[in-house]
Amino acid sequence: MAAPQGLDCGGRWWCRGDEVEGLSELLSFQWAHETGPVSLQEAGLRLVLAIVLSAAVGIDRELKHKPLGLRTNMLVALGAASFSLMALQLVNELGDGPSSIQVDPIRVMEAIVGAIGFLGAAAIIQGRFELFGATTGASIWVVGGIGMACGFGFYALAVAVTVVGLFVLTVLGFLTGRKRPNPEDRQPGEQE
């Protein structure tokens, strides 16, 4: 995955064709310190994009009368994006500070994922023979990922995840949306 000839990428990992070293560089968040703090306009753009992209998923959930609809999806993405922006700001503010201060944005990402997991779990209800809300729980987790991608400035990733998520929710949802037979509706002695 090398850069096209004549393209100056500033030595970024995705341009060098050096994926293993590049992944390490990406996860170290050194790039966040090198680029400097995020401007107020850029932060606003990232937050607005998180809201807009998550609204697309939220509208799907709202139209299907699911418990976690438009506003919930937008707030989850907004929260994830804002925590991601705060992590980047901490990298820039404290990155050159005393050696006793260690800034690790990965921990912020882990906390976001864990918190969204609790929210998604709350949407899932287990009945006697069926599980309800698993797709809604999974979609709220995806929306959190969209928010984090926006917050960290990975716009293409955020758009791609939104498009794929909407495909799964709409097209695949339509294809698999037929009603499954209820085990309680079977006649005595009838096989499954």
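The values are calculated or read from the model by the stated rules, or taken from the named source; none is laboratory data. Treat the numbers as computed from the prediction; the structure is a model and nothing was measured. Glycine gets a Cβ as well: all are built from the backbone with ideal geometry, and neighbour counts include every protein chain shown.
Looking at the range 50-71, which of its residues are assigned to a helix (DSSP H, G or I) and free of Cβ contacts under 8 Å to residues at least 40 places away in the same chain? Across the range 50-71, the qualifying residues are 51, 52, 55, 59, 62, 63, 70, 71.
When the residues of the range 117-151 are filtered to those that are of a type in the set (Gly, Ala, Ser) and more than 14 Å from the chain's Cα centre (by Cα), the one that is modelled with the lowest pLDDT is 127. Among the residues making up the range 175-186, a single one is at pLDDT 75 or above and either surrounded by 11 or more Cβ atoms within 10 Å (Cβ to Cβ) or under 19 Å from residue 133 (Cβ atoms) (or both): 176. Residues in the range 36-74 that are among the hydroxyl-bearing types (Ser, Thr, Tyr) and surrounded by 18 or more Cβ atoms within 10 Å (Cβ to Cβ): 54, 72.
Tell me, yes or no, whether the range 32-42 has at least one residue that is modelled with pLDDT of 75 or more, under 24 Å from residue 168 (Cα atoms) and of a type in the set (Ser, Thr, Tyr). Checked against the condition, which is being modelled with pLDDT of 75 or more, under 24 Å from residue 168 (Cα atoms) and of a type in the set (Ser, Thr, Tyr), the range 32-42 yields no hits at all.
Residue pairs whose Cβ atoms lie under 8 Å apart, sitting 6 or more positions apart in sequence or on different chains, and linking a residue in the range 138-149 that is closer than 12 Å to residue 55 by Cα to a partner that is of a type in the set (Ser, Thr, Tyr) and assigned to a helix (DSSP H, G or I), are 140/72; 143/54; 146/54; 146/162; 147/54; 147/84.
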